[in-house]
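Visitor: First the structure, which I've put down as structure tokens, then a few questions once you've had a look.
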Amino acid sequence: MNFYVMTLFPEMVSEGLHTSIMGRAMDAGIIRLETVNIRDYTLDKHRHTDDYPYGGGAGMVMSPEPIKRCYDAIMEKRNSEKKPRVIYLTPWGKVFDQNMAKELAEEEDLIFLCGHYEGVDERVLNEIVTDPVSIGDYVLSGGELPAMVMIDAVSRMVPGVLSNEESGMTESFENSLLEYPQYTRPEVWMEQKVPEVLLSGNHQKIAEWREERSIDRTLQYRPELMDKAVLSKKGGKYYRLRQKEAVGQEKE
Ligand code: 6GU
């Protein structure tokens, strides 16, 4: 899979993504990352990439022409006739989630446009963007961090990027429950003991305990996820017990 990132800060994106799992996948040639500096596609002597907004107001707006020329250069490099999806990182976009990551992982090429300043001239968005995407309800200074977040999450869904063991960890999130607590040595740390069941070697009991702790955690931090949760028979029983307790406490 090929990721192309149009940005004013190419080093930020390339350096930030050459770590652990991503670095390994790039070295193995499963994914390719190409950052492209929009400034290299300016035509004026001072290499301006932005200008004042029509209608006035604070901040600057990124000019359409360097972005279009940057995009055209990427399109010429690709050896495919198919129109690629072009993702514009913006707080007004559709909110990114695991399902979108999975869907995007099926693409051969993905192009990201990182905006800055107050925004990007609407006309170039109309010409090239297929998917405006946000990574959550807060405002960041530019699209680089969101692009990196998306590339990491999408890459993990590309076959061959994760080892079998690593894939198992993502699958355990597939049931819409949050992760259960994890422990490693030592057995006692700062007077806190590792839960006994994890030392028992009883894999059935351990699986039940983990599902219950996942349910507890989801109820505490992300109760809205419980609607979609996929539970075992025993997990379902435990969840109903917890719901009854909650109703009981409401009445008290
Ligand atoms: Cl995609 N861009 C910016 N600038 N801020 C954001 C965002 C994107 N997603 C959440 N906040």
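Visitor: Taking Gly168 as meeting all but one of (1) away from the ligand (no atom under 12 Å from the Cβ); (2) surrounded by fewer than 17 Cβ atoms within 10 Å (Cβ to Cβ); (3) at pLDDT 95 or above; (4) not hydroxyl-bearing (Ser, Thr, Tyr), write down the number of the exception.
Guide: With (1) away from the ligand (no atom under 12 Å from the Cβ); (2) surrounded by fewer than 17 Cβ atoms within 10 Å (Cβ to Cβ); (3) at pLDDT 95 or above; (4) not hydroxyl-bearing (Ser, Thr, Tyr) applied to Gly168, the lone miss is (3).
Visitor: Would you confirm whether any residue within the stretch 217-236 is surrounded by 11 or more Cβ atoms within 10 Å (Cβ to Cβ) and free of Cβ contacts under 8 Å to residues at least 12 places away in the same chain?
Guide: Within the stretch 217-236, one or more residues are surrounded by 11 or more Cβ atoms within 10 Å (Cβ to Cβ) and free of Cβ contacts under 8 Å to residues at least 12 places away in the same chain.
Visitor: A further question follows. Limited to the stretch 149-165, what total is found for residues that are crowded, with 20+ Cβ neighbours inside 10 Å and within 16 Å of the ligand (Cβ to nearest atom)?
Guide: 3
Visitor: Quick check: is even one residue across the stretch 4-25 out of contact with any helix residue (DSSP H, G or I) (no Cβ under 8 Å at 6 or more places or on another chain), modelled with pLDDT of 95 or more, in the same structural domain as Ala73 (by TED's automatic domain parsing) and under 21 Å from Asp72 (Cβ atoms)?
Guide: Checking the stretch 4-25: at least one residue is out of contact with any helix residue (DSSP H, G or I) (no Cβ under 8 Å at 6 or more places or on another chain), modelled with pLDDT of 95 or more, in the same structural domain as Ala73 (by TED's automatic domain parsing) and under 21 Å from Asp72 (Cβ atoms).
Visitor: Conditions first: (1) in a loop (DSSP other than H, G, I, E, B); (2) closer than 26 Å to Val158 by Cα. Gly16 passes all but one, so which condition is the exception?
Guide: Of everything listed in (1) in a loop (DSSP other than H, G, I, E, B); (2) closer than 26 Å to Val158 by Cα, Gly16 misses just condition (1).
Condition check ((1) at pLDDT 95 or above; (2) of a type outside the set (Phe, Trp, Tyr)) across all residues:
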residue	(1), (2)
Arg123	yes, yes
Pro132	yes, yes
Gly136	yes, yes
Asp152	yes, yes
Ser172	no, yes
Tyr183	yes, no
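Visitor: What number of residues in the stretch 177-234 are of a type in the set (S, T, N, Q) and either within 30 Å of Val247 (Cα to Cα) or assigned to a helix (DSSP H, G or I) (or both)?
Guide: Qualifying residue count, the stretch 177-234: 6.
Visitor: Tell me which of these Thr35 doesn't satisfy, since it passes every other one: (1) under 21 Å from the mean Cα position of the chain (by Cα); (2) surrounded by fewer than 19 Cβ atoms within 10 Å (Cβ to Cβ).
Guide: Thr35 satisfies every listed condition except (2).
Visitor: Criterion first (assigned by TED's automatic domain parsing to the domain that holds Ile135, touching a helix residue (DSSP H, G or I) at 6+ places or on another chain (Cβ under 8 Å) and more than 17 Å from Val154 (Cβ to Cβ)) does Tyr71 satisfy it?
Guide: When the stated conditions are applied, Tyr71 passes them.
Visitor: Right, another one. Which one of these is free of Cβ contacts under 8 Å to residues at least 40 places away in the same chain and buried (at least 17 other Cβ atoms within 10 Å of the Cβ): Met26, Met62, Met22?
Guide: Met26
The values are calculated or read from the model by the stated rules, or taken from the named source; none is laboratory data. Every value quoted in this text rests on a predicted model; they were computed, and no experiment measured them. Heads up, the Cβs are rebuilt from the backbone with ideal geometry, glycines too, and the neighbour counts pull from every protein chain shown.
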